[in-house]
Ligand SMILES: NC(=O)c1ccc[n+]([C@@H]2O[C@H](COP(=O)([O-])OP(=O)(O)OC[C@H]3O[C@@H](n4cnc5c(N)ncnc54)[C@H](OP(=O)(O)O)[C@@H]3O)[C@@H](O)[C@H]2O)c1
């Protein structure tokens, strides 16, 4: 494990399934100590059994401020600092504009937005402690990673709740870059396209260029180790969506209406 490519102490939220689980597995295989956070006991227990001593399971509902604070305090007692925190926990609910209800907005914002904020509240002090610690030895920076989505760059159909939550996360992370500029905490935003996970299993529409969690984890970890500000994949979707995003809003909306009608989204 080299100092630059694989952090020693990693914290991953939403590590009980999908992208978070795969990332946890990969960092553990690389020899890191990994705190895995989620509500589900079973998958976290599987990880701790496979990597006793190095994998630490923390059962927590990150949408709950008190539960998150308790979890954060407990983690702070277990390690002096974090090298890397990946705020990945999230969900997706689609909105039916013909039957608008509060529910999808509340569900999505509770974890994608409030859960990210609750996690940040205990992760940032632990990342700052890494800097204080490293000042005494070498000069390696700490790193904060947010998992956004390609959906954040275009007004996608039925994504009024999900897209808004990811735009909010991106704003939060980008504005943190401004305030943390002198603190040696690198910030990375990840925008995955479609990844085959329990979250997307529910999708009833085609998912172009869908990737496996293993493929996604490789891309995310590569971007993190290179300390990229923005990690986007897969390239065909990145190219297509960014090209549409360059068009005037009227053209974007017209195109997205056409695409979604054809794909029956
Ligand atoms: N899959 C994709 O195509 C895709 C694309 C773009 C972005 N993303 C983003 O990638 C992230 C991971 O998604 P995924 O596809 O891997 O989904 P997933 O398999 O459903 O995993 C979501 C993770 O979040 C955790 N979580 C949800 N609510 C939580 C809560 N209240 N407290 C603590 N943990 C909670 C879940 O654990 P518990 O249920 O056990 O708590 C689970 O570990 C999400 O932020 C998602 O928006 C995914």
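The values are calculated or read from the model by the stated rules, or taken from the named source; none is laboratory data. Computed from a prediction, not measured in an experiment: that's the story for all the values here. Here the Cβ is made from the backbone with ideal geometry for all residues, glycine too, and neighbour counts use every protein chain on show.
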Just to confirm my filter: which helices (runs of 4 or more DSSP H) fall fully inside segment 35-135 and include at least 3 residues that are over 24 Å from residue 149 (Cβ atoms)? 41-50, 65-78, 116-135
Do the conditions hold for residue 222, that is, is it surrounded by fewer than 16 Cβ atoms within 10 Å (Cβ to Cβ), away from the ligand (no atom under 13 Å from the Cβ), at pLDDT 95 or above and outside any loop (DSSP other than H, G, I, E, B)? yes
When you scan segment 134-155, how many residues do you find that are within 11 Å of the ligand (Cβ to nearest atom) and either at positive phi or modelled with pLDDT under 95 (or both)? 0
Note on segment 36-80: residues surrounded by fewer than 20 Cβ atoms within 10 Å (Cβ to Cβ), out of contact with any strand residue (DSSP E or B) (no Cβ under 8 Å at 6 or more places or on another chain) and under 14 Å from residue 123 (Cα atoms) are 65, 69, 70, 73, 76, 77, 80
Quick check, is residue 165 surrounded by 13 or more Cβ atoms within 10 Å (Cβ to Cβ) and more than 22 Å from the chain's Cα centre (by Cα)? no
Kindly indicate whether residue 214 is surrounded by fewer than 14 Cβ atoms within 10 Å (Cβ to Cβ) and in a helix (DSSP H, G or I). yes
When residues of segment 189-201 are limited to those that are more than 15 Å from residue 20 (Cβ to Cβ) and crowded, with 17+ Cβ neighbours inside 10 Å, the one farthest from the ligand (Cβ to nearest atom): 189
Does segment 246-259 contain any residue that is in contact with a helix residue (DSSP H, G or I) (Cβ under 9 Å, 6 or more places away or on another chain), within 16 Å of the ligand (Cβ to nearest atom) and either within 26 Å of residue 172 (Cβ to Cβ) or in a loop (DSSP other than H, G, I, E, B) (or both)? no
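So that you can scan it fast, the table gives a plain yes or no per residue for (1) closer than 20 Å to residue 156 by Cα; (2) touching a helix residue (DSSP H, G or I) at 6+ places or on another chain (Cβ under 8 Å); (3) without any contact (Cβ under 8 Å) to a residue 12 or more places away in the chain:
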residue	(1), (2), (3)
172	no, yes, no
175	no, no, yes
190	yes, yes, no
203	yes, no, yes
212	no, no, no
221	no, yes, no
224	no, no, no
227	no, no, no
If you go through segment 49-84 one residue at a time, how many are out of contact with any helix residue (DSSP H, G or I) (no Cβ under 8 Å at 6 or more places or on another chain) and more than 16 Å from residue 116 (Cβ to Cβ)? 8
